[in-house]
Structures are given as C-alpha cells and as structure tokens.
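Student: Provided herewith is a single structure, encoded as structure tokens, for subsequent inquiry.
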Amino acid sequence: MERTFAIIKPDAVERNIIGGILVKIESAGFTVVGLKRIRLTKEQAMGFYYVHKDRPFYDELCSYMARGPIVALVLEKDNAIADWRALMGATNPADAIEGTIRKEFGLSLGENSVHGSDSAESAAYEIPYFFNALELV
Ligand code: IDP
Ligand code: MG
C-alpha cells in the first residue's frame, strides 16, 4: 500500500462539489485515511508550494489557495501516487482526458480543482505538512 496527498482546492469547495470528487476517489479504489477542511493563510500556501517559489505563477497560485477553504486528504491504495495523478488528469483541464476529475470539474489552468503529490518525495513533505500520525487511520 502507498499513500499520497491530495487537496480539493478552493474553486471546487466554493462550488459545493466536495462530495462529487470524493465519489470519484472512492470509486477508483482509494481509501480516504485522512481528511480535513481547513483554510490556509497565504504564508501557509507559500510554504506548501515552496518548490514553485521561482515560477511566475507562484504569487497567483498562493493567493488562490488561500482565498477560501480547502479539503486536505491522504489517499491510500496500491500505486496511489501515480494512480491519483492519473485520476486528476492534466494540469490544464483543457488538456485533461475524459473521465478525469480536472476534465469534469476543472475551470482553468490555475483553478483546476485538485492537487496531488507528484512523487514519493513530495508526498513525504506534503502529508506531514497537514496531518499528524494520529490523524491518519
Ligand atoms: P500539478 O498541480 O498538475 O502538479 P504544477 O505544475 O505542480 O501542476 O503546478 C501547481 C499548480 O499551480 C497547478 O495545479 C495550478 O493550480 C497552478 N498553475 C500551474 N501553472 C500555472 C500557470 O501557468 N498559471 C497559473 N496557475 C498555474
Ligand atoms: Mg505539482
């Protein structure tokens, strides 16, 4: 079993589609082992997206991630990291294939509804950024 980190981003929480996204996650065979609704400060978003600090969209991304509540998730499954990336779809919803969450729910390149760890190293940074061991069951 492998664990990955996921976020239902502000654009999706604002539209009351948390449940629709969770149905797709559970239907694909993931177990939700951690779940919390929180609102990040911009500084907390900047720490989370530290790897992107030199990218031109960093400030826009962190403002967006702090503009409203998110749902932070830890998902467990065989091959969870790659399988969650596949279920999310391409970063730009316009490029995402049919059946993916970003194709169905994403609004734009920036407001693409979900986040997922891109590697085991990222998951190892991202999971404890949001959850302690007692919160993962
Ligand atoms: P990923 O979420 O598919 O891993 P990354 O390249 O890691 O994509 O980018 C992180 C997030 O930053 C994206 O999911 C999206 O919300 C936002 N983003 C990426 N590129 C752009 C851009 O060119 N303009 C605005 N936001 C962007
Ligand atoms: Mg990424």
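Student: From the helices alone, meaning DSSP H stretches of at least four residues, give me the mean residue ellipticity at 222 nm for the chain, per-run term -39500 (n - 2.57), in deg cm²/dmol to the nearest 500.
Tutor: When only DSSP H runs of four or more count, the value is -10500 deg cm²/dmol.
Student: Can you tell me what the convex hull of the Cα atoms of segment 83-137 projects to on average, as an area in nm²?
Tutor: Seen from a random direction, the Cα hull of segment 83-137 projects 4.5 nm² on average.
Student: Would you count, across the chain, every pair of lysines whose alpha carbons are under 17 angstrom apart, provided the pair is eight or more residues apart or spans two chains?
Tutor: 7
Student: Starting from the amide H of Leu35, placed 1.01 Å from N in the peptide plane, find each other amide H under 5 Å away whose residue is 5 or more places distant or on another chain.
Tutor: Val74
Student: I've got another one for you. Rank the residues Val114, Val33, Val51, Val137 as a footprinting-exposure proxy: fewest other Cβ atoms within 10 Å of their Cβ go first.
Tutor: Listing Val114, Val33, Val51, Val137 from fewest to most nearby Cβ atoms yields Val137, Val51, Val33, Val114.
Student: Please report Glu26, Glu76, Glu126 as a ranked list, fewest other C-beta atoms within 10 angstrom at the top and most at the bottom.
Tutor: Final ranking by Cβ density, sparse to dense: Glu26, Glu76, Glu126.
Student: Please give the charge dipole size of the chain, origin at the Cα centre, charges +1 on K and R Cβ atoms and -1 on D and E Cβ atoms. Round to the nearest 20 debye.
Tutor: So the magnitude is around 360 debye.
Student: What do you get for Rg/Rh of segment 29-78 when both radii come from the Cα atoms and Rh is the Kirkwood radius?
Tutor: That ratio equals 1.08.
Student: Taking only the C-alpha atoms, wrap a convex hull around the chain and report its volume per residue in Å³ as a whole number.
Tutor: 99 Å³
Since every read-out is calculated from the coordinates, none of them should be taken as a lab result. Not measured: the values here are computed from a predicted model. Glycine also receives a Cβ, built like all others from the backbone with ideal geometry; neighbour counts cover every protein chain displayed.
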